[in-house]
Amino acid sequence: MVEGKERLPREVVAMRVAKELPDGGFVNLGLGIPTLVSNFIPEGGVVFYHSESGVLNCGPLAEEEEQDIDLINAGGQFLQRVPGMAFFSTVDGFAMIRGGHVDVTVLGAHQVSATGDLANWMLPERGVGNIGGAMDLAAGAKQVIVAMEHTDRQDGAKIVQECTYPITGKGCVSLIVTDLAVMQPTPDGLVLREVAPGWTMEEVQELTAATLIPAPDLKEYEL
Amino acid sequence: MPQEKLYATPQAAVADIQNGSTILVAGFAGYGFAEGLLAALLEVGSNDLTLIYRAGPYAEVESGSLPAVENLVSNGQVSKLISPMPYEPGSGGVIEQQWQAGQLDIEIVPQGVLVERLRAGGAGIGGVFLPTAVGTRFETGKERRNFSDGEAVLELPLKADYAFIRVAAADTLGNAIYQGSSRNWAPIMAMAARVTIAEADRIVEPGELDPEAIISPGIFVNRIVAAR
């Protein structure tokens, strides 16, 4: 019985994703859980954040008294000025993305398919949609990680055999980290690598509309 | 004599904008907009405008008034928006209302595609093959080709009648520099418009800006007006 059963908090999902970021790598974080990832970089590690607002090496958010309208991230939040920052135009910002210079992007999703199709820009019942830079990130970043809740609020599956919402990118997702599991889309289907503590593969399957293939070394969610 | 680029007021700088014009509006997530020019356009009243911009602030600004682009939409001056993220779905804002009522046309373009189309327009490039839209609904009707790096689709150049940009400083010849993240769309939009109007925080004499630091050379900037 999975209804009402406790799932991992968003911070733990973010912490798990942080483990995947290459030390010294260039990383672009989307909104939602992905934004939290920057709080959990392992001690001694360095990650350089890229923002579509035109900033490389984004630091922490600014305190209220030092907010500067000329120093924002992609979500419109104010950034602190830190050593090593670089500013650039949007054409350069997307050259970094499309040209394969960004190592990892972490994005939220409405749906992810078993083979790594990503749908995260449009819910048809809610109007025109907001593509932003997600489609360029999906097409250009070396690695696309999805960080999200495993289901929608009504326990509807977000991990599906085929996306029904308009897609952002085809076969682009290499890892899905949710509040229940860590999964790897492959051309042969969705491999279940890790399961949240207290959950079984069968329980996760109940909330997943794609068939889970257990990894040979399937284990508990590893932080 | 070089052409006089300095305009006394934002109203004077936008006074000749005809109905049906296309305008590039630089800015990002609510910041870095040429607010004075947008407010002046509201007074001038040109309508049937197409605005191309990344995104405005979605909510009301602190004063309780609408942000500048939403103001133009609210005033019935805009017939089309081209943007990667025109409004927050479900926000109930004026852009969503007018779109639902069929009064406003919206074209969504992925952000990196929009900027390369503007670059192509501004740089005299006939079109660019980009991988972004491959396999998505944005590929519809476009030529696809297979390159050594993979599949890509043909995106066509985009140009406009005007660009509204905000700059940190400009000299009287139009050479301009930016501040921090407010650079983002401005240099590209400045290239892609027939008339680029810069709202400058500071206007200086030629020689006062370091030529090494110029981001938008004056050839791309046609009019300059002081920001208030």
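If you take the residues of the range A:38-62 that are farther than 19 Å from A:Ala14 by Cβ and not in a loop (DSSP other than H, G, I, E, B), which of them is least open to solvent (accessible area, probe 1.4 Å)?
From the range A:38-62, those farther than 19 Å from A:Ala14 by Cβ are A:52-57, A:62; that's our starting set.
Subset that is not in a loop (DSSP other than H, G, I, E, B): A:55-56.
Details: A:Val55: 0, A:Leu56: 40 Å².
Among them, the one singled out is A:Val55.
For the range A:63-79, a residue qualifies if it is in contact with a Leu (Cβ under 9 Å, 6 or more places away or on another chain) and not in a loop (DSSP other than H, G, I, E, B), and the qualifying residues are A:Ile72, A:Phe78, A:Leu79.
Evaluate the following for A:Arg81: is it free of Cβ contacts under 8 Å to residues at least 40 places away in the same chain and among the charged types (D, E, K, R)?
Details: free of Cβ contacts under 8 Å to residues at least 40 places away in the same chain: yes; among the charged types (D, E, K, R): yes.
Taking the combined requirement at face value, the residue satisfies it.
For the range A:1-37, a residue qualifies if it is surrounded by 22 or more Cβ atoms within 10 Å (Cβ to Cβ) and part of a strand (DSSP E or B), and the qualifying residues are A:Val27, A:Asn28, A:Leu29. Taken together, the residues in the range A:208-223 that are crowded, with 16+ Cβ neighbours inside 10 Å, touching a Gly at 6+ places or on another chain (Cβ under 9 Å) and not in a strand (DSSP E or B) amount to 1.
If the condition is being open to solvent by 40 Å² or more (accessible area, probe 1.4 Å), farther than 22 Å from A:Phe94 by Cβ and among the hydrophobic types (A, V, I, L, M, F, W, C), then the range B:156-203 contributes B:Leu173, B:Ile203. Residues in the range B:187-216 that are within 14 Å of chain A (Cβ to nearest Cβ) and out of contact with any helix residue (DSSP H, G or I) (no Cβ under 9 Å at 6 or more places or on another chain): B:Ala200, B:Asp201, B:Arg202, B:Ala213, B:Ile214.
Here B:Ala133 meets each of (1) within 13 Å of another protein chain (Cβ to nearest Cβ); (2) over 16 Å from A:Ser89 (Cβ atoms); (3) open to solvent by 30 Å² or more (accessible area, probe 1.4 Å) with one exception, condition (3).
Count of the range B:209-227 residues, restricted to those that are closer than 21 Å to B:Gly180 by Cβ and charged (D, E, K, R), is 2.
I want to confirm something. Restricting to the range A:57-73 and keeping residues that are within 10 Å of another protein chain (Cβ to nearest Cβ) and of a type in the set (A, V, I, L, M, F, W, C), which single residue is nearest to A:Asp103 (Cα to Cα)? Spell out how you get there, then give the answer.
Residues of the range A:57-73 that are within 10 Å of another protein chain (Cβ to nearest Cβ), as a first pass: A:58, A:68-73.
Cutting the leftovers down to of a type in the set (A, V, I, L, M, F, W, C) gives us A:58, A:69, A:71-72.
On the way: A:Cys58: 15, A:Ile69: 28, A:Leu71: 23, A:Ile72: 22 Å.
Checking each candidate, the answer is A:Cys58.
For the range B:42-64, taking the residues that are modelled with pLDDT of 90 or more and out of contact with any strand residue (DSSP E or B) (no Cβ under 8 Å at 6 or more places or on another chain), the one that is surrounded by the fewest Cβ atoms within 10 Å (Cβ to Cβ) is identified as B:Glu43.
Of the listed requirements (1) touching a Lys or Arg at 6+ places or on another chain (Cβ under 9 Å); (2) more than 11 Å from every other protein chain (Cβ to nearest Cβ); (3) not hydroxyl-bearing (Ser, Thr, Tyr), B:Gln111 misses just one: (2). If the condition is being open to solvent by less than 20 Å² (accessible area, probe 1.4 Å), more than 14 Å from chain A (Cβ to nearest Cβ) and of a type outside the set (A, V, I, L, M), then the range B:66-83 contributes B:Glu70, B:Gln77. Residue count for the range B:84-103 satisfying the condition of being within 10 Å of chain A (Cβ to nearest Cβ) and open to solvent by less than 40 Å² (accessible area, probe 1.4 Å): 7.
From the residues in the range A:80-108 that are over 22 Å from A:Gly24 (Cβ atoms) and assigned to a loop (DSSP other than H, G, I, E, B), which one is farthest from the other protein chains (Cβ to nearest Cβ)? Among residues in the range A:80-108 that are over 22 Å from A:Gly24 (Cβ atoms) and assigned to a loop (DSSP other than H, G, I, E, B), the one farthest from the other protein chains (Cβ to nearest Cβ) is A:Gly108. Taken over the range B:8-30, the residue count meeting the criterion of being crowded, with 21+ Cβ neighbours inside 10 Å and either under 24 Å from A:Phe88 (Cα atoms) or aromatic (Phe, Trp, Tyr) (or both) is 7. Filtering the range A:109-141 to residues that are touching a helix residue (DSSP H, G or I) at 6+ places or on another chain (Cβ under 6 Å) and either part of a strand (DSSP E or B) or more than 10 Å from A:Ile167 (Cα to Cα) (or both) leaves A:Leu118, A:Gly132, A:Gly133, A:Asp136, A:Leu137, A:Gly140.
The values are calculated or read from the model by the stated rules, or taken from the named source; none is laboratory data. A quick note: this is a predicted structure, and the numbers were derived from the prediction, not measured. Using ideal geometry, Cβ is built from the backbone for each residue, glycine included, and neighbour counts are taken over all protein chains shown. Heads up: the accessible areas ignore ligands, DNA and RNA and are worked out on the full protein's heavy atoms, side chains in. Shrake-Rupley method; radii C 1.70, N 1.55, O 1.52, S 1.80 Å.
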